[in-house]
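Here's the structure we're looking at; comments come further down.
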Amino acid sequence: MSESPEGVIYLDHAATTPTRPEVVEAMAPFMNDRFGNPSGSHVVARSAVNAMDEAREVIAGIIGAEPGDVIFTSGGTEADNHAITGGLPSRSGVPICSAVEHHAVLDVVEALGGRTVAVDSQCRVSIDSLKAALDETGEETSIVSVMLANNEVGTINDLGPIADLVAEYSPQERRIPLHTDAVQAAAWLDLRAAASRADLISVSAHKLGGPKGIGALVVRKGTPIRPMILGGGQERGRRSGTPSVAAIVGFATALRMVDSERDLVTERVIGLRRRFIDGLSESIDEIVATIDDARTVPGTCHVCFEGADSESLLLLFESAGLVASAGSSCSSGASEPSHVLSAMSVADKLRDGAIRFSIGHGTTEDDIERAVDLIPGAVSRARAFFS
């Protein structure tokens, strides 16, 4: 059965996912009897501490880190900000990131006077462009940030060659840290392998069936980090504030479920995505898949409907009972063009009608069949308005 509300076909899982029932069940005790503040020392507090410790071990193991590497945050945005700045005061030097990063990285890099590097037409980071940026900044480079999976088009980056290049440019006395925003990747990729070369990793629970408002920054041993939020000295002095034990337990539960189900869910979702793309291609002319789907995370399907505009398409889809997005959920409704599609040099006539459909673990075959049936009519109407 679909988990979408009131029969809506929900194809916006890259924006957020429904919280799994098992996650809600795991969180419930920590909003009732086990309500303790883990910063305390009495028996009620110790119950909360034990739950946090167990959750931290689960999350660290699935990401491929040590429990002490995990800093709990309010989500991916805070984790990204903390990684790029290095905390307070910000680390000195020049940060570098790809031109297609989430704004939680890109805006911080720009605010700190950093550099961006180009991507190719498939949204993969250009090694030549990264090398040129490192040549320019040299030993002044403070950090390099490359997202593991793009939040808009879904492209997966291989961090191996990027890490090798960053290591070549690291001064003898220190290693330039490599950060990866793995917020979109964590639901689909085994981070133990895919993010193994990153020194800092950002993850967020609500992208994989967990609650909103909780995430983590993984900081591997030997990577310098200062606190960005000061106060009570929680998280071993690296992130102050009373932690939400319920959310942390929910995060760990969701990540454990994703990890245990990954192979089966991936196989099923790839099949649903193929049925979706084939169905639309059979019914709609001048539809372009932005990325070769073999290069993307399984759940993301980014397409461009030539001769239509995204805003009209989304309104017509919603009126027919389907929701998707025009790109990053953080920029939906904004008037400026997608910085991701611009960096990929996608033609204006295609960018106008760009839509991100994203499938999740709860998407059903019926959802896909209904979507394939209703989208062609909506596209025809949007094209009539746009022409």
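The values are calculated or read from the model by the stated rules, or taken from the named source; none is laboratory data. Remember, it's a predicted structure, so these values are computed and weren't measured experimentally. Virtual Cβ from ideal backbone geometry, glycine too; neighbours counted across all protein chains shown.
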Practice prompt. Look at GLY213 and say whether it is without any contact (Cβ under 8 Å) to a residue 24 or more places away in the chain, in a loop (DSSP other than H, G, I, E, B) and surrounded by fewer than 18 Cβ atoms within 10 Å (Cβ to Cβ).
Written response: no
Response to the item:
Exactly one of GLY64, GLY68 is at pLDDT 95 or above, within 30 Å of VAL245 (Cα to Cα) and surrounded by fewer than 18 Cβ atoms within 10 Å (Cβ to Cβ), and that one is GLY68
Practice prompt. Being touching a helix residue (DSSP H, G or I) at 6+ places or on another chain (Cβ under 8 Å), surrounded by fewer than 18 Cβ atoms within 10 Å (Cβ to Cβ) and free of Cβ contacts under 8 Å to residues at least 40 places away in the same chain narrows it down to one of ARG268, ARG197, ARG192, so name that one.
Written response: ARG197
Item to complete: Report those helices (runs of 4 or more DSSP H) wholly inside segment 339-387 carrying at least 2 residues which are among the hydrophobic types (A, V, I, L, M, F, W, C) and more than 22 Å from ASP120 (Cβ to Cβ).
Response: 365-386
Discussion item. Looking at ALA51, ALA45 in this structure, which one is at pLDDT below 95, of a type in the set (Gly, Ala, Ser) and part of a helix (DSSP H, G or I)?
Written reply: ALA45
Practice prompt. Identify, from the list VAL183, VAL153, VAL144, the residue that is of a type in the set (Val, Ile, Thr), within 18 Å of GLY64 (Cα to Cα) and either part of a loop (DSSP other than H, G, I, E, B) or within 20 Å of the chain's Cα centre (by Cα) (or both).
Written response: VAL183
Discussion item. Residue pairs, Cβ under 6 Å, 6 or more apart or interchain, first in segment 287-307 and touching a residue at least 24 places away in the same chain (Cβ under 8 Å), second of a type in the set (Gly, Ala, Ser) and assigned to a strand (DSSP E or B). List them.
Written reply: VAL297/ALA149; GLY299/SER358; THR300/SER358; VAL303/ALA289; CYS304/ALA354
Discussion item. What pairs come out if I take residues in segment 355-382 that are within 14 Å of THR300 (Cβ to Cβ) and free of Cβ contacts under 8 Å to residues at least 60 places away in the same chain and pair them with residues that are assigned to a helix (DSSP H, G or I) and of a type outside the set (Val, Ile, Thr) whose C-beta lies under 7 Å away, six or more apart or interchain?
Written reply: ILE355/SER310; ILE355/LEU313
Fill in: Checking ASN37 against (1) more than 30 Å from ALA149 (Cα to Cα); (2) out of contact with any helix residue (DSSP H, G or I) (no Cβ under 6 Å at 6 or more places or on another chain); (3) polar (S, T, N, Q), the condition it does not meet
(2)
Worksheet item: Within segment 271-299, how many residues turn out to be over 24 Å from ASN151 (Cβ atoms), touching a helix residue (DSSP H, G or I) at 6+ places or on another chain (Cβ under 6 Å) and not hydrophobic (A, V, I, L, M, F, W, C)?
Response: 2
Discussion item. Residue under question is ALA254, and the condition is that it be crowded, with 21+ Cβ neighbours inside 10 Å, touching a Pro at 6+ places or on another chain (Cβ under 7 Å) and of a type in the set (A, V, I, L, M); does it hold?
Written reply: no
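Yes/no per residue for (1) closer than 30 Å to MET344 by Cβ; (2) of a type in the set (Val, Ile, Thr); (3) assigned by TED's automatic domain parsing to the domain that holds ALA382:
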{"position": "LYS212", "(1), (2), (3)": "yes, no, no"}
{"position": "ILE225", "(1), (2), (3)": "no, yes, no"}
{"position": "ILE229", "(1), (2), (3)": "no, yes, no"}
{"position": "GLU235", "(1), (2), (3)": "no, no, no"}
{"position": "GLY241", "(1), (2), (3)": "no, no, no"}
{"position": "THR266", "(1), (2), (3)": "yes, yes, yes"}
{"position": "ARG273", "(1), (2), (3)": "yes, no, yes"}
{"position": "PHE276", "(1), (2), (3)": "yes, no, yes"}
Worksheet item: Looking at SER202, is it part of a loop (DSSP other than H, G, I, E, B), of a type in the set (Ser, Thr, Tyr), touching a residue at least 12 places away in the same chain (Cβ under 8 Å) and closer than 15 Å to ILE62 by Cβ?
Response: no
Discussion item. Criterion first (under 11 Å from ILE71 (Cβ atoms) and of a type in the set (Val, Ile, Thr)) does VAL219 satisfy it?
Written reply: yes
Practice prompt. Please enumerate the residues belonging to segment 265-286 that are among the aliphatic types (A, V, I, L, M) and in contact with a strand residue (DSSP E or B) (Cβ under 8 Å, 6 or more places away or on another chain).
Written response: ILE277, LEU280, ILE284
Discussion item. So for segment 243-262 (the condition being more than 30 Å from ASP348 (Cα to Cα) and outside any helix (DSSP H, G or I)), does at least one residue qualify?
Written reply: yes
Worksheet, complete the sentence: Expected output for segment 17-32 (first residue surrounded by 14 or more Cβ atoms within 10 Å (Cβ to Cβ), partner β-branched (Val, Ile, Thr), Cβ below 7 Å, 6+ apart or cross-chain) is GLU22/THR253; VAL23/THR253; ALA26/VAL249; ALA26/THR253; MET27/VAL249; PHE30/VAL245; PHE30/VAL249
Worksheet, complete the sentence: Counting only residues that are within 19 Å of GLY160 (Cβ to Cβ) and in a strand (DSSP E or B), segment 85-135 contains a total of 6
Worksheet, complete the sentence: Of GLY36, GLY68, the only residue that is within 21 Å of ILE214 (Cα to Cα) and either touching a His at 6+ places or on another chain (Cβ under 9 Å) or in a loop (DSSP other than H, G, I, E, B) (or both) is GLY36
